[in-house]
Structures are given as C-alpha cells and as structure tokens.
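Visitor: Supplied in structure tokens, the structure appears directly below.
Bear in mind these aren't lab numbers, they're just calculated from the coordinates by the rules spelled out. These figures come from a predicted structure and were not determined experimentally. No Cβ is skipped: glycine too gets one built from the backbone with ideal geometry, and neighbour counts run over all protein chains shown.
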C-alpha cells in the first residue's frame, strides 16, 4: 500500500509540474524536469531507507514519531491538534496539553518542532506511510530549486545553463536536500528570500516579492537562524555594490572587514551576544551533541577576532573536504571525498576563467560570499563529518551556481 499511495502523490505532483507554467525553465523541457523530480523522489525514499537500515536512527524518526503523536491527538480532540500544530511552542506547558507534549521530544526546541509541524500536516495525507513524507519533501526542495533558477534567470543578463544540471544532479545536493531534515525546507526558504531581495533591489517591488522575502526570512530564522544572520553582511554589500558595480568585489571585502571588526562589539538584534560570541555559542551547542562515528574536534575557537582568523583555514578545509579517510574508513566516506575533490576542481576551473558583466557581479558576489560563509561556519562549529555534508549542502546550493555564472555562455 505504501508504494501505491506514494506513486499516487508522485503522479499528482508530476501533473502540477507539467501543467503549471511557474515550473517552466529555459533550456530544460518539461520531460527533463519530470525526470529530475522523479530522481529526487527516488532519492528521498533512499534517504529514508538509508537512515532506517544503515544509520538505524536519526532525527527524522523523532520528527515522524512526534507527528504520529499529534495525529492521535487529532483523532481525540481536533482543537488540541490545531493548538499544537499552529500555536506557539516552548515555554510553559498548558495543563490540558501536558500529556501529548510530554510524549513528544521537541516541544522546547522551536527549530525542531517546526519540522514536527511540517510532518504532522503531511501526516494528514500520508495515511501513516513514511515514504509519502519523502515525496512531499522532494516536491518542496524541487520547488525551491526551480524558484532559485527562475530568480537567477530573471536577475542575470547572461547565464551558464550548466548550473541548472548541477543543482539537480550533483549527488550531495540531490541527497541532502531531498530528505526529511531541515535542509529540505531551507532549500525552499533561501530561494524565496532571494526572490524577494533581488526583485526589490532591482526596483521590481510587488506584493509577491515582499511576501517571498518575509516568508523566506521567517523560515530561516526558525530553522537555521545563523544562516539568516550570515546573510546580513552580503545583503548590505549587495545594496552598496549596486551603486558601484565595477567595484563590487572591493565593496564586499570592505563590508566583511567592517563586519569582522564590529562583530566583536555590536550585539546581534534580539541576542545578548555579538557575531563572534554567537558563533562560539553555536559551536558549544554542536559540541554538546558530538555523537556518531564520524565526529572530530573542530578548530579551537574563542570569541575573539584573532582566534576567528586563525581558525579560518581549518574551517574552510573542514567545510569543503570533510569527511577525511581518517574519520571513518567506509565506502560513503570515499565517495564523499571524491565528490569534494571534483567540486573544488569545478570551482577552480570557473574561477580561473572568470568573465562576467559588471551588472551581474553584485548578485553573484552576494551568493558567493553567503555560500562561502555557510560552508566556513559549518566547518568551524560542526564536529561531525556526516552533519557537515548535510549542513554545507545549503552553502553549495548558493555558491556553485554563482561561481559557474562567473563564466556565462548565454544571453537571456
């Protein structure tokens, strides 16, 4: 029955993709798009089975279990279900909701509980079949990639269409952004955020652009708030560099230099810490969760500018090249390492052959600096090679298409 229901939802989403013009992409026909979507659905199911049979556990089963608890609440008391799924979480526990909250494991964590909410809503349609959740998550990430491509095609004067195939077919992007984790939702959130930003700064102000910006930013703040805070320096740089397009790289470098200097003295809005202290706090959080057979000690780091600069080379090495063979001698490790080397070669090839118009440079620099910031931050704060592969996939999602469009081959 699981195969039948999953196939039905795959066909429904395929019809939506085929019929809806919003899923149209230049240089890619609808048949190819459907093949890409089918591949993401297959990988999403493999993602589930990988965690169930090889890793034998993980957050996704906690999300699914909590979603099942919420579904049982729905059958008993629909109003309680609505409060649990759409109401605030954390803080004091309402007495009448104490039983289901005590049974769940993520009530106190806003980020993780957001994923419980998502899976609880999918559970309304999945009939308890976990593969169906994978089909829905594949559609979410597929939609995000299509929005990113649409945004870049609208923004850039010239493109290299090869980046479209990389976004859909690069193994790490395909695997880590098609699963049941937060990265799948972030794959939708960032493109919504970019669509709003890029349209607004180019003077195409609309309700759609504003809503996209607000929705994307809100999801980022809930799921991966440090991704959002990392986006502010490149956003300021983007706005300034649009006035000095020929000097975009100089503007970005200057803003980042000031951000590093001010990061030791100015608190993040709503936080009792500056940027460097906040990075140290996130690092401590991840260090307390250091489990698994691919854990390692990330760079020694304290919340000071010299310590941060000193840790940058090792952080970049971790972000781009983990897992190392020394982490764990497994087939997955060697496959990931081979892909990492190929990614770096691909990046170097396009960087060495850079040729881009000044009108496009600010937008490409925005994606490059933000993607690089996410990859480096991941290498600095995350002490697990497997987790690094998952978290840095979002950085690659932004970084690679920008680098590849430094050498465009088609005028739009």
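Visitor: For a quick protection proxy, order the peptides 234-246, 252-264 by their average other-Cβ count within 10 Å, most packed first.
Guide: 234-246, 252-264
Visitor: Continuing with this model, one more query. Given the peptides 173-179, 209-215, arrange them by the average over their residues of other C-beta atoms within 10 Å, most packed first.
Guide: Ranked by mean Cβ neighbours within 10 Å, highest first: 173-179, 209-215.
Visitor: Something else: Over the range 1-223, what is the relative contact order in whole percent, taking alpha-carbon pairs under 8 Å and six or more residues apart?
Guide: 24
Visitor: Over the chain, what relative contact order in percent results from Cα pairs under 8 Å that are six or more residues apart?
Guide: RCO, the chain: 18 percent.
Visitor: So how much slack lies between residue 93 and residue 250, counting 0.36 nm per residue of separation and subtracting their Cα-Cα distance, in nm?
Guide: Full extension from residue 93 to residue 250 adds 51.4 nm.
Visitor: Computed from the mean reciprocal separation of all distinct C-alpha pairs, what Kirkwood hydrodynamic radius does the range 32-107 have, in Å?
Guide: Evaluated on the range 32-107, it is 14.6 Å.
Visitor: Apply 1/(1 + (r/R0)^6) to the Cβ-Cβ distance of residue 316 and residue 56, taking R0 = 22 Å, and write down the FRET efficiency to the nearest 0.05.
Guide: 0.10
Visitor: Could you give me the radius of gyration and the Dmax of the chain, taking only the C-alpha atoms into account and expressing both in angstrom?
Guide: 21.3, 63
Visitor: Between residue 154 and residue 258, what FRET efficiency comes out of the Förster formula 1/(1 + (r/R0)^6) with R0 = 30 Å and r the beta carbon distance, rounded to 0.05?
Guide: 0.50
Visitor: In whole angstrom, and with the biggest value first, how far do the Cα coordinates of the range 170-285 range along each principal axis?
Guide: The principal-axis extents, from largest down, are 41, 38, 30 Å.
Visitor: A follow-up question, please. Please report, for the Cα atoms of the range 1-223, the Rg to one decimal and the Dmax as a whole number; what are they, in angstrom?
Guide: Looking at the range 1-223, its Cα Rg and Dmax stand at 18.5, 59 Å.
Visitor: Moving on. What length, rounded to one decimal in nm, is gained on full extension from residue 271 through to residue 285, with 0.36 nm per residue of separation minus their alpha-carbon distance?
Guide: Additional length available on full extension: 3.5 nm.
Visitor: Something else about it: Using alpha-carbon positions, what is the distance between the centroids of the range 125-160 and the range 165-210, in Å?
Guide: So the separation of the two Cα centres works out to 8 Å.
Visitor: Just check the range 225-412 against the gyration tensor rule for me: Cα atoms, a ≥ b ≥ c as the square roots of the eigenvalues, rounded for a/c under 1.5, and otherwise prolate or oblate depending on whether a/b exceeds b/c.
Guide: oblate
Visitor: Also, quick follow-up: Tell me whether the range 216-282 comes out rounded, prolate or oblate; compute the Cα gyration tensor, take square roots of the eigenvalues as a ≥ b ≥ c, and use a/c under 1.5 as the rounded threshold.
Guide: Oblate shape, in that a/c is at least 1.5 and b/c is the bigger or equal ratio.
Visitor: Extending each Cα 7 Å along its Cβ direction at residue 30 and residue 72, get the distance between those two points in nm, one decimal.
Guide: Each label point is offset 7 Å from its Cα along the Cβ direction, giving 4.4 nm.
Visitor: Per-residue counts of other Cβ atoms within 10 Å, averaged by peptide: what ranking do you get for 87-96, 272-281, 20-29, 145-154, highest first?
Guide: With the highest mean Cβ count within 10 Å placed first, the list reads 145-154, 272-281, 20-29, 87-96.
Visitor: On full extension of the chain, what length is gained from residue 169 through residue 349, given 0.36 nm per residue of separation minus the C-alpha to C-alpha distance?
Guide: Length gained between residue 169 and residue 349: 62.9 nm.
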